[in-house]
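Inspection log for the structure reproduced underneath, given as structure tokens.
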Amino acid sequence: GAANALRIAVSLAPEDTTLAARLNEVSGKAKFELAASYVEQAEYEERDEKWLAAAQSYARALVGRPEAKTYEKVAHCLLSGEGNLREAGEAAKKAVMLQPDNGKFRVTLARFYVKAGMKQSADGELSRAATLAPGDDKVTDWIRRLRKELG
């Protein structure tokens with residue numbers, strides 16, 4: 001509500017830089033708070049294996065919270081739901097770029113490479129994931145599955 005009122009005020013007084021700055025501040029806070037509800041919705045959809053709906057909800061959350069884990073969730077859900085492969089790859093790459101030392105994120109990027117038929121890139125990411133998370137059973141399981149797919 002406050003953001004809408006400020007939006008109207010800025011449209012009536014576009015030269016008022018203080019008002020415009022306040023609008024940016026309030027809009028940012030609103031987007032951040034909305035992101036939490038989008039993540040909650042996405043988690044619910046993910047539990048029900050509604051992968052593409054979950055991916056869309058996570059993508060909405062990125063507007064207010066552009067975090068590595070949310071990018072990874074977008075990619076994971078798109079890959080699990082046979083969604084847009086290009087978008088999955090972009091999200092997985094962004095997650096790895098933001099947190100290059102996260103083995104789980106590397107596995108998700110490897111999943112993208114496997115689906116895209118990029119065996120060498122997939123194998124490289126799996127090797128990095130194994131180095132980064134040697135004791136993580138979930139990562140180890142994914143590595144085993146993806147290596148089997150690679151042949």
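The values are calculated or read from the model by the stated rules, or taken from the named source; none is laboratory data. All values derive from a computational prediction rather than experimental measurement. Cβ sites come from the backbone with ideal geometry, for glycine too, and all protein chains shown count toward neighbours. Keep in mind that these areas ignore ligands, DNA and RNA; they rest on the heavy atoms of the full protein, side chains included. Shrake-Rupley method; radii C 1.70, N 1.55, O 1.52, S 1.80 Å.
Neighbours of LEU85, meaning other residues whose beta-carbon lies under 14 angstrom from its beta-carbon, give a summed charge of +1 when Lys and Arg score +1 and Asp and Glu score -1. Within straight-line reach of LYS73, meaning a Cα separation under 20 Å, sit the following lysines at least 8 residues removed in sequence or on another chain: LYS31, LYS50, LYS93, LYS94, LYS104, LYS115, LYS138. How about region 73-151: which GluC sites (Glu not before Pro) there are in a DSSP loop, with at most 15 other Cβ atoms within 10 Å of their Cβ? Here the sparse-neighbourhood loop sites are GLU82.
Length available on full extension from PHE32 to GLU87: 0.36 nm per residue minus the Cα-Cα distance, which gives 17.6 nm.
Helix 85-98 against the longest principal axis of the chain: what's the angle in degrees, Cα atoms only, rounded to the nearest 10? With rounding to tens, the tilt is 80 degrees. The ellipsoid that matches the Cα gyration tensor of region 67-131 has semi-axes, each √(5λ) in whole angstrom, of 16, 15, 8, with the longest given first. So what does the Cα-only Debye profile of the chain read at q = 0.09, 0.15, 0.16 Å⁻¹, as log10 I(q)/I(0), no solvent term? Log10 I(q)/I(0), no solvent term: -0.37, -0.77, -0.84. Accessible surface for the chain, divided over its residues, is 60 Å² per residue with a 1.4 Å probe.
Among the lysines, which have Cα under 21 Å from the Cα of LYS29 when same-chain residues fewer than 8 positions away are ignored? The reachable lysines, counting only those whose Cα sits under 21 Å from LYS29, are LYS69. Looking at region 72-151, which trypsin sites (Lys or Arg not before Pro) are DSSP coil and have at most 11 other C-beta atoms within 10 Å of their C-beta? Nothing satisfies the criteria.
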